[in-house]
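The values are calculated or read from the model by the stated rules, or taken from the named source; none is laboratory data. For clarity, every value in this text was computed on a predicted model and none was experimentally measured. When we count neighbours, we look across all protein chains shown, and the Cβ atoms used for this are built from the backbone with ideal geometry, even at glycine. All accessible areas refer to the heavy atoms of the entire protein, side chains included, with ligands and DNA or RNA removed. Shrake-Rupley method; radii C 1.70, N 1.55, O 1.52, S 1.80 Å.
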Amino acid sequence: MLKLLNITKEYRVEEESVLALNNVSIEFRKNEFVSILGPSGCGKTTLLNLIGCLDTPTSGEIISDRRNLSTLNEKEKDSYRNNNIGFVFQNCYLIPQLSVLDNVKIALSVRDYSKKECEEKAIEALKLVHMDELKNKKPNQLSGGQQQKVAIARALVTSPSYILADEPTGALDSISSKEVMNLLK
């Protein structure tokens with residue numbers, strides 16, 4: 001279970017203060033599929049960044065399995081992210097110099113797996129998204145939908161507790177969007 005209690009996030013831009021989230025409380029149950037909708041600039045990405053420990057709230061608490069994520073230091077946040085969160089970003093953030101397989105394996109690089117185990121797990125994740133046949137291709141040799149599938153495989157390969165997807169279908173056609181949403185489900 002994941003709870004956000006009275007979360008506020010304020011950014012300082014020069015002398016100005018920008019309120020991204022104001023006193024947000026929400027609870028997510030295990031195995032729940034949640035969509036957060038709202039206009040551009042309303043704080044959706046900020047909320048995901050807070051849940052994923054990429055940012056820290058100005059005030060409030062984020063509780064995951066009775067652990068207050070809001071109080072973690074940077075090393076603890078890194079560990080939490082690596083062991084609990086799978087990210088799928090709209091822009092994929094695949095490393096252009098790496099193959100599809102290596103882009104998925106990179107998520108396992110902080111784990112204590114042998115090279116063989118990393119390879120096996122990455123190929124299995126690519127099979128889930130029907131991209132194992134393209135494992136040796138580079139990201140620039142793939143369509144937008146294929147790149148997003150690789151990003152999903154990278155998010156799934158660590159068997160995370162939570163998958164955070166920030167507009168994962170925003171740049172895709174309707175057919176690819178449906179495929180990506182079915183994969184996430």
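Name the residue farthest towards the positive end of the dipole of segment 30-144 from the options Leu142, Asn73, Leu54, assuming +1 on Cβ of Lys and Arg, -1 on Cβ of Asp and Glu, about the Cα centre.
Leu142
I need to check one value: relative contact order of the chain, counting alpha carbon pairs closer than 8 Å and at least 6 residues apart, in percent.
21 percent
Using a 1.4 Å probe on the protein chains only, how many percent of the accessible area of the chain belongs to carbon and sulfur? Each step should come with its number before you reach the end.
On the way: 5180 of 11030 Å².
Of all accessible area on the chain, carbon and sulfur atoms account for 47 percent.
Quick check: Cα centre of segment 122-170 to Cα centre of segment 44-79, how many Å?
25 Å
For the chain, what is the convex hull volume of the alpha-carbon atoms per residue, in Å³?
Considering the Cα atoms of the chain, their hull volume per residue is 137 Å³.
Give me the percent of DSSP beta bridges within the chain that run antiparallel, rounded to the nearest 5.
Around 75 percent of the beta bridges assigned by DSSP in the chain are antiparallel ones.
Given R₀ = 30 Å, FRET efficiency for Tyr113-Asn22 by Cβ-Cβ distance, to 0.05?
On the way: r = 42 Å, r/R0 = 1.40.
My answer for the efficiency is 0.10.
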